[in-house]
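Okay, so here's the structure we're looking at.
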Amino acid sequence: MDLRATKLKLQIRLRRATNALTGFLAVHTLRAGRLIPLHVMSNAAAALLRTVGPLFREHRIGRAQLAAAFPEKSAEEIERILLGVWDNLGRVFAEFAHIDELWDYDRLQGSGRIMRSDDSETIAFRLRDDGKPALVFAAHVGNWELPAIAARMYGLDTTVLYRRPNLKALADEVAQARAGCMGTLLPTTMDAPVKLADALDRGSHVAMLVDQWYGPGVPVTFFGRKTLANQTIARLARHIECPIHGIRAVRGPDGRLQVRVTEAIEPKRDACGKIDVEGTMQVITSVVEGWVREHPEQWLWLHRRWRED
């Protein structure tokens, strides 16, 4: 028994030491990235991940998912898409290191890292000025950090649900980086839904990512295959009637980004007129599928969206 307890203690200490070292390296990699001009780091990170990405198991995961989602595409097309996924991910990493300067936008000149999107701006300003709460869903498309930055830059009161990294040092660094350029950040804790409902009650715009597999979620169909979606946004809509919009940041061929906001989606309702949670999550998932079909190389195929029972 003593030997077993000693072995367990050693394993725990080793895990803590490994996590501390990994967190230290990740934090200082981000800080070092700030010393390199963004356009240089973006190109370098994209080239690096295009080279080494195919060596990781995530590449095989992405290949299998793409083949299932797009059975009509050839193996060569799928590999091209996957290289685009790694390219985009490298640029996201680089942009995160410079997150406080990512909003490089000149509306009058049309120059800068952020491209104009007049229709989306009109919707954003309407949401800002109508004095009402709203729910906003996003996905791992293009640069998924940018929508929260854009909302703040457009002057919206926002509350953003996010998942903290498992490494404490990295989690603290990420939270500090985001805090300077986003709205209120709310980590995914057990009481998060209550806090999100309170935010809606006070008129805030509550935003969250909705495109990852979620074990306790509701069943939806994505690219013709069953999966599970986090139903939090639909449950909030059922509890507090308010518009639901989608937002994403699409990357152009030159690496620049454009924020796109949808008009309010029409949620599904039950026989009593209340929002149907599962049906509404299917509507949202179908919108995200449309985004992915438009730019498959910009979605994060590297996480498992479908899982076997």
Original post:
Looking at Leu82, Leu66, Leu127, which is the one that is assigned to a helix (DSSP H, G or I), farther than 21 Å from His295 by Cβ and at pLDDT 90 or above?
Top reply: Leu127
Subject >> Residue selected from segment 30-52 under the condition closer than 22 Å to Val85 by Cβ and not aliphatic (A, V, I, L, M), by the criterion modelled with the lowest pLDDT >> reply: Gly33
Original post:
Is there a residue being hydroxyl-bearing (Ser, Thr, Tyr) and not in a helix (DSSP H, G or I) anywhere in segment 254-266?
Top reply: yes
Original post:
Within segment 175-199, which residues are in contact (Cβ under 8 Å) with a residue 60 or more places away in the chain, farther than 21 Å from His239 by Cβ and in a helix (DSSP H, G or I)?
Top reply: Ala177, Arg178
Original post:
Met208: among the hydrophobic types (A, V, I, L, M, F, W, C), in contact with a strand residue (DSSP E or B) (Cβ under 7 Å, 6 or more places away or on another chain) and at pLDDT below 95, yes or no?
Top reply: no
Subject >> Top-ranked residue of segment 49-88 - restricted to ones that are touching a residue at least 24 places away in the same chain (Cβ under 8 Å) and either among the polar types (S, T, N, Q) or in the same structural domain as Asn143 (by TED's automatic domain parsing) (or both), ranked as farthest from Trp144 (Cα to Cα) >> reply: Gln65
Subject >> Residue among Gly215, Gly183 that alone is touching a strand residue (DSSP E or B) at 6+ places or on another chain (Cβ under 6 Å) and over 15 Å from Arg164 (Cβ atoms) >> reply: Gly183
Subject >> Lone qualifier among Trp301, Trp306 - being surrounded by fewer than 19 Cβ atoms within 10 Å (Cβ to Cβ) and either touching a residue at least 12 places away in the same chain (Cβ under 8 Å) or not in a loop (DSSP other than H, G, I, E, B) (or both) >> reply: Trp306
Subject >> Filter pass, Thr232 being among the hydroxyl-bearing types (Ser, Thr, Tyr), at pLDDT 95 or above and closer than 29 Å to Ala67 by Cα >> reply: no
Original post:
Within the bounds of segment 190-198, is there any residue that is buried (at least 18 other Cβ atoms within 10 Å of the Cβ) and over 15 Å from the mean Cα position of the chain (by Cα)?
Top reply: yes
Original post:
Which one of the conditions (1) in a strand (DSSP E or B); (2) touching a helix residue (DSSP H, G or I) at 6+ places or on another chain (Cβ under 9 Å) does Leu228 fail to meet, given that it meets all the rest?
Top reply: (2)
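The values are calculated or read from the model by the stated rules, or taken from the named source; none is laboratory data. As the structure is a computational prediction, the values presented were derived from the model and not from experiment. Quick reminder, even Gly has a Cβ in these numbers, built from the backbone with ideal geometry, and neighbours come from all protein chains shown.
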